[in-house]
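Beneath this line is the structure, given in C-alpha cells, with notes to follow.
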Amino acid sequence: MSRWNDWGWTSAPKRPPPEHGIKMKKAGVTWWGQRWLEALERVLAGDSKRLARGRTYARAGRTHDLVIRGGEVTAKVTGSRPRPYVISLKLGQLDEDVWTKAIAGMGGKAQYSAELLAGSMPQDIDVVFRAAGVSLFPQRREDLVTSCSCPDWGDPCKHVAATHYVLGEALDRDPFLLFELRGRTKEQVLGALRATRGSGKAGARRPASPSTKQRVKSEAPGVVPEVPGVRLGKLTSADYDQPRAPLPALSFSFDAPELEGAVLRQLGTPSSWGGQEGPGEVLAPQVRAAAAVARRIALQEGGEDAAPKPRAKGAARASKRRGR
C-alpha cells in the first residue's frame, strides 16, 4: 500500500507475519501436491511475478486461519494493511452420479483401497474419475473460482497465490483434502469404498464353497461319511510345559551386516514423507547405534550398554560378608 506525503508516493512498511501464520516449508513433495500446484500455473495462468511473491508470502507465514469446508477454502493473509485480506478458493463440486461411478471404479481395484487406507493417493486415481467424465483435479478456469479483498486486480493476486501454495503443502500431508474439495469427506469415501467391496459390486465374487453337508448330500445320498477331525490325547499338568517332540537346533549369528541400512532402503520413502532427506538417511545413525548395542548385549561384550554378567554364588556370599 502507498501513501502520499510531501515527498510524493511512499510505500507503507509491511506488517510482520502473525504468530499463528502457516509457514510453508516445501509444497509439492508428493505427486498429487505437485499436480495441485500445477493448476495455479496452468489453470489460473497467473503472472509469474505475483506467483513468486505468493511463494514468499507463504514461506514467511503470512497466510493464516485456513479453513476447508466442502468445496470452499477460506483464509486470511497479512500484508501491509492493518486488516488482513480475506481469500476464498472454490472448486466445482462433483455430482452424485460421478461419485457413484468413481467409488465403483476404486472398489474394483484392491490397490486403490490399500493405498488410500495407508494415507496415499493412488498414482492413477484420475483414471476412474475420467471414466466418469470428469477429472479430480481442476482442468479449466471455471473449475477454480478465486477472490480476495485486496485492491489488486490481478488474478490470481499474491495473496491468493500464497493461499494456494499453503494449501498445496496441506494436500501433501493429507491427500483426502482433495476429495473434500470435490465434495466428499475422507469418512464418506472410505465408508462407501468398504461398502462397495463388501457387497461385491466392485467385481464378480467367487461362488461360495458348499458346506460339508452340501458336499456329502451331492456326492452320496443317504451316506454320511465321517468328518475328519483332531483328537487330543490325555494331557496332565506335569506334561503341559513339555514339548511333544525334541525341538530343532537353533543357531544365531550376530555379525555386523555387510550393508548398513539395507532394510530402510528396501522400504523406500513413504509417499507422505515431507523431509528434505529420505527416511533412510535420517534414521540410519539411530539404526546403526541400536544394532551395535544389540550385538554387544547378545555377545556379552564389555561396555556401558552391555547387560551385566551374573556373579557366582561364592562371590555373592563374600560380598555379603564384606558388607557386614
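Which of rounded, prolate, oblate describes segment 40-82, given a ≥ b ≥ c as roots of the alpha-carbon gyration tensor eigenvalues and a/c under 1.5 marking rounded, otherwise prolate only if a/b is larger than b/c? Don't skip to the answer; put the middle values down first.
Numbers: a/c = 2.28, a/b = 1.08, b/c = 2.11.
Taking the square roots of the gyration eigenvalues as a ≥ b ≥ c, segment 40-82 is oblate.
Heavy atoms only, probe 1.4 angstrom, no DNA, RNA or ligands counted: give me ILE103, ILE68 ranked by accessible area, highest first. It would help to have the intermediate numbers written out before the result.
Numbers: ILE103 20, ILE68 40 Å².
Ranking ILE103, ILE68 by accessible area, largest first, yields ILE68, ILE103.
How large is log10 of I(q)/I(0) for segment 63-177 at q = 0.10, 0.22 Å⁻¹ when the intensity is taken from the Debye formula with one equal scatterer per alpha-carbon?
Result of the Debye calculation: -0.38, -1.23.
By per-residue mean of other Cβ atoms within 10 Å, what is the highest-first order of 162-174, 106-118? Please list the in-between numbers first.
On the way: 162-174: 24.0, 106-118: 16.5.
Order by mean packing, descending: 162-174, 106-118.
What number comes out for accessible area per residue over segment 82-131 if the probe is 1.4 Å? Units Å², please.
Working: 2460 Å² over 50 residues.
Accessible area per residue: 49 Å².
Sort segment 36-111 into rounded, prolate or oblate with this rule: let a ≥ b ≥ c be the square roots of the eigenvalues of the Cα gyration tensor; rounded if a/c is under 1.5, and if a/c is not under 1.5, prolate when a/b is larger than b/c, oblate otherwise.
On the way: a/c = 2.81, a/b = 2.08, b/c = 1.35.
Prolate.
Assign one of three labels to segment 114-202, namely rounded, prolate or oblate, based on the Cα gyration tensor with a ≥ b ≥ c the square roots of its eigenvalues; rounded applies when a/c is under 1.5, prolate when it is not and a/b is larger than b/c, and oblate otherwise. Numbers along the way, then the final one.
Working: a/c = 2.89, a/b = 2.12, b/c = 1.36.
Because a/c hits 1.5 or more and a/b exceeds b/c, segment 114-202 counts as prolate.
At what distance in nm do the modelled label points of SER80 and ALA52 sit from each other, each positioned 7 Å from its Cα along Cα→Cβ?
Each label point lies 7 Å from its Cα, and together they span 1.8 nm.
Sorting check: for 35-44, 282-291, which peptide has the highest mean count of neighbouring beta carbons within 10 Å, and how do the rest follow?
Working: 35-44: 17.7, 282-291: 12.9.
Going by the mean number of other Cβ atoms within 10 Å, highest first, we get 35-44, 282-291.
So how much slack lies between ALA118 and LEU247, counting 0.36 nm per residue of separation and subtracting their Cα-Cα distance, in nm?
Values: separation 129, 0.36 × 129 = 46.44 nm, distance 3.95 nm.
Full extension of this stretch gives 42.5 nm more.
Under the 0.36 nm per residue contour assumption, what length would be gained going from the current alpha-carbon distance of GLN286 and THR236 to full extension? Intermediate values should be presented prior to the final figure.
On the way: separation 50, 0.36 × 50 = 18.00 nm, distance 4.81 nm.
Between GLN286 and THR236, full extension yields an extra 13.2 nm.
Please work out how much length the chain gains when fully extended from GLN276 to ARG42, using 0.36 nm per residue of separation minus the C-alpha to C-alpha distance, in nm with one decimal. Could the numbers behind the result be given before it?
On the way: separation 234, 0.36 × 234 = 84.24 nm, distance 2.63 nm.
Full-extension gain reported as 81.6 nm.
Just the number, please: carbon plus sulfur as a percent of the accessible area of segment 66-162, 1.4 Å probe, no ligands or DNA/RNA counted. Write out the running numbers ahead of the final one.
Details: 2450 of 4560 Å².
Looking at segment 66-162 in its full context, I get 54 percent from C and S.
The values are calculated or read from the model by the stated rules, or taken from the named source; none is laboratory data. None of these values were measured; they are calculated from a predicted model. Cβ coordinates were reconstructed from backbone atoms using ideal geometry, including for glycine residues, and neighbour counts include every protein chain displayed. Calculation scope for accessible area: heavy atoms of the full protein, side chains included, ligands and nucleic acids excluded. Shrake-Rupley method; radii C 1.70, N 1.55, O 1.52, S 1.80 Å.
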